[in-house]
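Let me begin by presenting the structure, written as structure tokens, before commenting on it.
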Amino acid sequence: MAIERTLSIIKPDAVEKHRIGAIIALIEGAGLEVKAARMIHLSRPVAEGFYAVHKERGFFGELVQFMTRGPVVVMALEGENAVAKYRELMGATDPAKAVDGTIRKAHGANIGENAVHGSDAAETAKNEIAYFFPGHEVP
Ligand code: ADP
Ligand code: MG
């Protein structure tokens, strides 16, 4: 297994509920290292650009509205098999289907407001990290 990086976002619902610390504790507890972090309030164009792959989906407008309603914490995570490991730690997209011990089970409200984002593949992770950490911010 290789050392990989993945992009994590603590979404506005979790920030509003003061779950930043609890979520980072789960991430670090799983052996993933926080290599870079920024707290930002996404503008509409930045959120639309990030989720461009979903622009034809019925929930796109709702998703952009949600992701821009308050600040988020964007992090580059690193570790063994980080992409799959973090997807497993996040749990299913719908928190009602997420298993015990996952971030979405503990902190997600519903399929839209599900506390966290995680990249779905190594190539996606590379692009998503570059989207939020341009240049040499993540050496
Ligand atoms: P994941 O975040 O698990 O990779 P997707 O990439 O399919 O899931 O969807 C991106 C995000 O869009 C989800 O995390 C969630 O916030 C939102 N979303 C997905 N499906 C729905 C839905 N049916 N209704 C509302 N929002 C949704
Ligand atoms: Mg996804």
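Computed values, structure above
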{"quantity": "Count of residues meeting criterion [in a helix (DSSP H, G or I) and of a type in the set (V, I, T)] in the stretch 77-103", "calculated": "2"}
{"quantity": "Filtered residues of the stretch 104-118 (kept if in a helix (DSSP H, G or I) and either more than 14 Å from ligand 2 (Cβ to nearest atom) or surrounded by fewer than 16 Cβ atoms within 10 Å (Cβ to Cβ) (or both))", "calculated": "K105, A106, H107"}
{"quantity": "Members of the stretch 35-80 found to be within 19 Å of T6 (Cα to Cα), touching a residue at least 12 places away in the same chain (Cβ under 8 Å) and either loosely packed, with under 15 Cβ neighbours inside 10 Å or of a type in the set (S, T, Y) (or both), listed by number", "calculated": "R38, M39, I40, G49, Y51, E80"}
{"quantity": "Test: residue in the stretch 124-136 that is among the aromatic types (F, W, Y), at pLDDT 95 or above, in contact with a Phe, Trp or Tyr (Cβ under 9 Å, 6 or more places away or on another chain) and within 9 Å of ligand 1 (Cβ to nearest atom)", "calculated": "no"}
{"quantity": "Residue list for the stretch 20-76, filter: assigned to a helix (DSSP H, G or I), hydrophobic (A, V, I, L, M, F, W, C), within 16 Å of ligand 2 (Cβ to nearest atom) and more than 19 Å from H107 (Cα to Cα)", "calculated": "A47, F50, A52, V53, F60, V64"}
{"quantity": "Some residue of the stretch 97-113 being aliphatic (A, V, I, L, M) and touching a Ser or Thr at 6+ places or on another chain (Cβ under 8 Å)", "calculated": "yes"}
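The values are calculated or read from the model by the stated rules, or taken from the named source; none is laboratory data. A quick note: this is a predicted structure, and the numbers were derived from the prediction, not measured. We place every Cβ from the backbone using ideal geometry, glycine too, and count neighbours over all the protein chains shown.
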